[in-house]
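The values are calculated or read from the model by the stated rules, or taken from the named source; none is laboratory data. Given the structure is predicted, the values throughout are model-derived calculations rather than measurements. Don't worry about glycine lacking a Cβ; one is built from the backbone with ideal geometry, like all the others, and counts go over all protein chains shown. Protein only, heavy atoms only, side chains kept; ligands, DNA and RNA dropped before computing areas. Shrake-Rupley method; radii C 1.70, N 1.55, O 1.52, S 1.80 Å.
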Amino acid sequence: QDNALILDDGYDDTRDGDYFAEMARFVCDGLTRCGQPVCPGDVMATNPEWRTTLSGWQSRFSHWIDNPDPTALMHGCTFFDLRHIYGDASLSATLRRSMLERTRGNSIFLSHLTGNALKRQPPLGFFRNFVLSHGRDETGVLDLKHVGVVPIVELARVYALAGGIDEVNTRARLNAAGATDELSSSGARDLGDALTFLSDTRFRHQARQLEAGIEVDSLVAPETLSRFERGHLKDAFAIVRTMQRSLAQRFGR
């Protein structure tokens, strides 16, 4: 779970605090019973830190953008992708609008965000061979989530925040950025295709695990894939690596 509450600036903690604390507990406990585990980092509305007013959120976002240290970037990667779920939508819309005004063209912040996005490199060696990590039983595997899907998500986030694009979904961000000067249309299509193939491969792997009664993960052993799938997987990773290098040249310090 990652969730939070944006409260109207008329909020009074003495008068309203107990109500919203109880509401947050009710919702998070319900999500837990539905099978959505609590956040190990306590990034949930049950934590008073993530239950604050619109002006408080705006101040916090501004601080993260103006002081992009590792903690600020970690929180930014969570909260800059916020989606409105329920209540007065103008609160979340106002927060997103003020955030995008500060991130658009902000070279220092975008440089730090790019550095953070480049920490996860596609698992390809010099000769396009797979660089494997250890799975549950010490076999060599590819983590399709953390070194495949997540880098594309992070690339799309940088393009969106750089261009002031008010989209949250990764594919929508790529499409919107591809229609601007932030990203070429061919680059947007390539990343979108790579995302589709990586996600489909991951979901097929998880479907097989469910059928076998195995706890699902994103750790795929290359030998379980066909030669066709391995070839396209390398192509997808190569696209991500190329786009990461392009982003580094643009925003890197």
How many residues, within segment 187-198, are more than 30 Å from ARG102 (Cα to Cα) and surrounded by fewer than 16 Cβ atoms within 10 Å (Cβ to Cβ)? 2
For the subset of segment 191-216 comprising residues that are under 21 Å from the mean Cα position of the chain (by Cα) and free of Cβ contacts under 8 Å to residues at least 40 places away in the same chain, which member is nearest to GLY178 (Cα to Cα)? GLY192
Any idea which of (1) touching a Phe, Trp or Tyr at 6+ places or on another chain (Cβ under 8 Å); (2) open to solvent by 70 Å² or more (accessible area, probe 1.4 Å) is the one SER59 doesn't satisfy? (1)
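Could you check segment 200-221 and list, in sequence order, the residues that are within 21 Å of VAL131 (Cβ to Cβ) and either open to solvent by 40 Å² or more (accessible area, probe 1.4 Å) or in contact with a helix residue (DSSP H, G or I) (Cβ under 6 Å, 6 or more places away or on another chain) (or both)?
Keep residues of segment 200-221 that are within 21 Å of VAL131 (Cβ to Cβ), which gives 201-202, 205, 217-221.
Listed by number, the residues that qualify are ARG202, SER218, LEU219, VAL220.
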Restricting attention to segment 101-117, does a residue exist that is within 30 Å of THR224 (Cα to Cα) and without any contact (Cβ under 8 Å) to a residue 40 or more places away in the chain? no
Spans of helices (runs of 4 or more DSSP H) in segment 97-186 with at least 2 residues open to solvent by 10 Å² or more (accessible area, probe 1.4 Å) and more than 25 Å from GLN58 (Cβ to Cβ): 170-178
Looking only at segment 220-253, which residues are without any contact (Cβ under 8 Å) to a residue 40 or more places away in the chain, hydrophobic (A, V, I, L, M, F, W, C) and outside any helix (DSSP H, G or I)? LEU225
All but one of (1) farther than 27 Å from ILE152 by Cβ; (2) in a helix (DSSP H, G or I); (3) among the small types (Gly, Ala, Ser) hold for ALA72, so report the exception by its number. (1)
Here are some residues: ASP88, ASP18. Which one is touching a strand residue (DSSP E or B) at 6+ places or on another chain (Cβ under 9 Å) and surrounded by fewer than 14 Cβ atoms within 10 Å (Cβ to Cβ)? ASP88
